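Working notes, beginning with the structure itself.
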Amino acid sequence: MPTAAAPDGDGLDEAVTIGVSIHVPEPYGSQVQDTRAGHGDPQARSIPTHVTLLPPTGTSTALLPGIEQHLRAVAAAQRPFRMLLQGTGTFRPVSPVVFVRVEEGAQECRELEAEVRSGPLARELAFPYHPHVTVAHGLPDAVLDEAQEQSRGFRAVFEVTEFVLSLFGTDGVWRPWRSYAFGRG
């Protein structure tokens, strides 16, 4: 899959995997990626630091124009909000994930996630939605413990003004494809 494609989807495979997320801005995004890489997380550099709104979802390229129209409408109805990332948590023992908590902006993420995951993107989730930023995933318990302890002091505050539609490449890398600014019809 190319790193960029024409707005109408030209150049994409017939089937694509998409995701929608709030990207964590710099310098915080790189700090989390560096932390993930430092713990040996093989996905550290292939996933931009983010809060998921729509998990990896397979779709047909032919459906992308309708999905984009849906996402534009969702974004147009949103207002910017403040996000505070602070403290840690884990999904263990259910899933080997350590994360930074969304302390402020979690309710806005829940509402936004519900809007994004409607219409052409309606789907069931494997787990209840819980906004977070992953700092370690799929690593041995001792490494997850260390990641959780080292991330306790992480703190990031920023304004959320958009969300991003990303495509999953055949090389295993997530790449931003379109961004949707809040409050624009």
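Computed quantities for the displayed model
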{"read-out": "Selected residue (criterion: surrounded by the most Cβ atoms within 10 Å (Cβ to Cβ)) from residues of segment 139-185 that are basic (Lys, Arg) and more than 24 Å from residue 103 (Cα to Cα)", "value": "178"}
{"read-out": "Meets criteria (surrounded by 14 or more Cβ atoms within 10 Å (Cβ to Cβ), free of Cβ contacts under 8 Å to residues at least 40 places away in the same chain and at negative phi) for residue 136", "value": "no"}
{"read-out": "Top-ranked residue of segment 30-45 - restricted to ones that are surrounded by fewer than 16 Cβ atoms within 10 Å (Cβ to Cβ) and small (Gly, Ala, Ser), ranked as nearest to residue 179 (Cα to Cα)", "value": "30"}
{"read-out": "Any hit, segment 59-70, residues being in a strand (DSSP E or B), under 18 Å from the mean Cα position of the chain (by Cα) and either at negative phi or surrounded by fewer than 16 Cβ atoms within 10 Å (Cβ to Cβ) (or both)", "value": "yes"}
{"read-out": "Only listed residue being of a type in the set (D, E, K, R) and in contact with a Leu (Cβ under 7 Å, 6 or more places away or on another chain), chosen from 123, 175", "value": "175"}
{"read-out": "Verdict on residue 40 being modelled with pLDDT of 95 or more and closer than 30 Å to residue 143 by Cα", "value": "no"}
{"read-out": "Single unsatisfied condition, residue 35 versus (1) at pLDDT 95 or above; (2) part of a helix (DSSP H, G or I)", "value": "(1)"}
{"read-out": "Unique match (being within 21 Å of residue 19 (Cβ to Cβ), in contact with a strand residue (DSSP E or B) (Cβ under 7 Å, 6 or more places away or on another chain) and modelled with pLDDT under 95) among 117, 123", "value": "123"}
{"read-out": "Meets criteria (over 19 Å from residue 17 (Cβ atoms), out of contact with any helix residue (DSSP H, G or I) (no Cβ under 9 Å at 6 or more places or on another chain), modelled with pLDDT of 95 or more and among the aliphatic types (A, V, I, L, M)) for residue 73", "value": "no"}
{"read-out": "So residue 110, is it on the phi < 0 side of the Ramachandran plot, of a type in the set (D, E, K, R) and either in a strand (DSSP E or B) or at pLDDT below 95 (or both)", "value": "no"}
{"read-out": "Selection within segment 104-119 - among the aliphatic types (A, V, I, L, M) and over 10 Å from residue 70 (Cβ atoms)", "value": "106, 112, 114"}
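The values are calculated or read from the model by the stated rules, or taken from the named source; none is laboratory data. Please read these numbers as outputs of a predicted model, since none were measured by experiment. Backbone-built Cβ (ideal geometry, glycine too); neighbour counts: all protein chains shown.
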